[in-house]
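Right, one structure below, let's go through it.
The values are calculated or read from the model by the stated rules, or taken from the named source; none is laboratory data. Keep in mind that this is a model prediction, so the values were computed, not measured. Reconstructed Cβ throughout: ideal geometry from the backbone, glycine too, with neighbour counts over all protein chains shown.
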Amino acid sequence: YPGMTSLDIIGPQQVFSGLPGIKIHRIWKTLEPVKTDDGMMVLPDTTFDNCPRLDIICIGGGSGQAAVEDNRELLAFLRNQGSTAKFITSVCGGSQFLAKAGLLEGYRAATHWAARPQLAALGVEVGTERVVVVGEASPMENRNRITGGGVTAGIDFGLTIASILFGEEIAKITQLLLEYDPAPPFDTGSPEKAGAELVEKAMLFMQQTIPAPVGAK
């Protein structure tokens with residue numbers, strides 16, 4: 001959708017694209033290019049109308065999501081696919097879409113740290129983990145809500161799904177091939193680590209840089 005964060009989807013796609021027998025659909029209302037919140041153009045290859053039944057449905061967040069997260073057509077698509085999908089998933093603020101589509105009732109979910117209050121306001125128990133797999137001790141059929149935290153957590157999220165679908169060894173091989181070995185220059189990647197002062201400055205920065213939402217249709 002317009003205004004999405006590209007890495008929310010590109011991270012998982014990079015993981016999924018290396019798995020055996022996986023077919024990825026990049027879905028939107030039309031096949032017109034979609035501009036992300038960092039200016040990248042993404043070309044959908046599937047529309048709501050011609051999308052097959054999905055085994056996994058995933059939606060990401062973005063600074064432009066407020067303009068579309070109440071869109072009736074989009075929420076109807078999520079509800080329809082979510083009624084049969086084996087796994088209903090999201091990255092970052094994408095969990096708000098799932099909540100508004102009624103797909104997170106009674107579930108815990110992750111989201112970007114700055115969006116935790118909004119997700120909680122929708123009646124969802126908010127997890128602070130990088131990836132929340134609901135009911136990890138439950139049978140597989142009860143573990144089909146898998147949500148990732150903010151942006152970069154999409155890679156962790158993708159590897160988690162790879163492990164569930166293909167086993168731990170395949171997921172480990174995939175991680176190695178991606179050389180996913182994080183060593184960030186600063187230990188400020190979560191509000192718990194960053195501290196209150198930096199969080200306050202980050203919130204102010206977002207308020208100044210993210211455009212105000214326009215009405216959804």
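Quick check on my filter: what residues within the range 65-118 are at positive phi and in contact (Cβ under 8 Å) with a residue 60 or more places away in the chain? Residue satisfying the conditions is CYS92 alone. Tell me, please, whether a residue that is farther than 30 Å from ILE170 by Cβ, more than 16 Å from the chain's Cα centre (by Cα) and either among the basic types (Lys, Arg) or modelled with pLDDT of 95 or more (or both) can be found in the range 103-113. No, every residue in the range 103-113 fails to be farther than 30 Å from ILE170 by Cβ, more than 16 Å from the chain's Cα centre (by Cα) and either among the basic types (Lys, Arg) or modelled with pLDDT of 95 or more (or both). Across the range 14-44, the number of residues qualifying as surrounded by fewer than 16 Cβ atoms within 10 Å (Cβ to Cβ) and either outside any strand (DSSP E or B) or on the phi > 0 side of the Ramachandran plot (or both) comes to 17.
Please determine whether any residue of the range 72-90 is touching a Ser or Thr at 6+ places or on another chain (Cβ under 7 Å), over 19 Å from GLY154 (Cα atoms), not charged (D, E, K, R) and not in a loop (DSSP other than H, G, I, E, B).
So far as the range 72-90 goes, no, none of its residues is touching a Ser or Thr at 6+ places or on another chain (Cβ under 7 Å), over 19 Å from GLY154 (Cα atoms), not charged (D, E, K, R) and not in a loop (DSSP other than H, G, I, E, B).
Just for the range 175-200: of the residues that are in contact with a helix residue (DSSP H, G or I) (Cβ under 9 Å, 6 or more places away or on another chain) and either within 14 Å of ALA114 (Cβ to Cβ) or polar (S, T, N, Q) (or both), which one is modelled with the highest pLDDT? Only one residue tops the list, namely GLN175. So, of the residues in the range 166-202 that are of a type in the set (Val, Ile, Thr) and crowded, with 16+ Cβ neighbours inside 10 Å, which turns out to be farthest from GLY21 (Cα to Cα)? Filtering the range 166-202 for residues that are of a type in the set (Val, Ile, Thr) and crowded, with 16+ Cβ neighbours inside 10 Å, the one farthest from GLY21 (Cα to Cα) comes out as VAL199.
Taking (1) of a type in the set (A, V, I, L, M, F, W, C); (2) surrounded by 14 or more Cβ atoms within 10 Å (Cβ to Cβ); (3) modelled with pLDDT of 95 or more in turn, VAL134 satisfies each apart from (3). Against the numbered list (1) free of Cβ contacts under 8 Å to residues at least 60 places away in the same chain; (2) of a type in the set (Gly, Ala, Ser); (3) farther than 24 Å from SER17 by Cβ; (4) surrounded by fewer than 23 Cβ atoms within 10 Å (Cβ to Cβ), SER163 comes up short only at (3).
Taken together, the residues in the range 71-102 that are among the small types (Gly, Ala, Ser) and more than 14 Å from the chain's Cα centre (by Cα) amount to 6.
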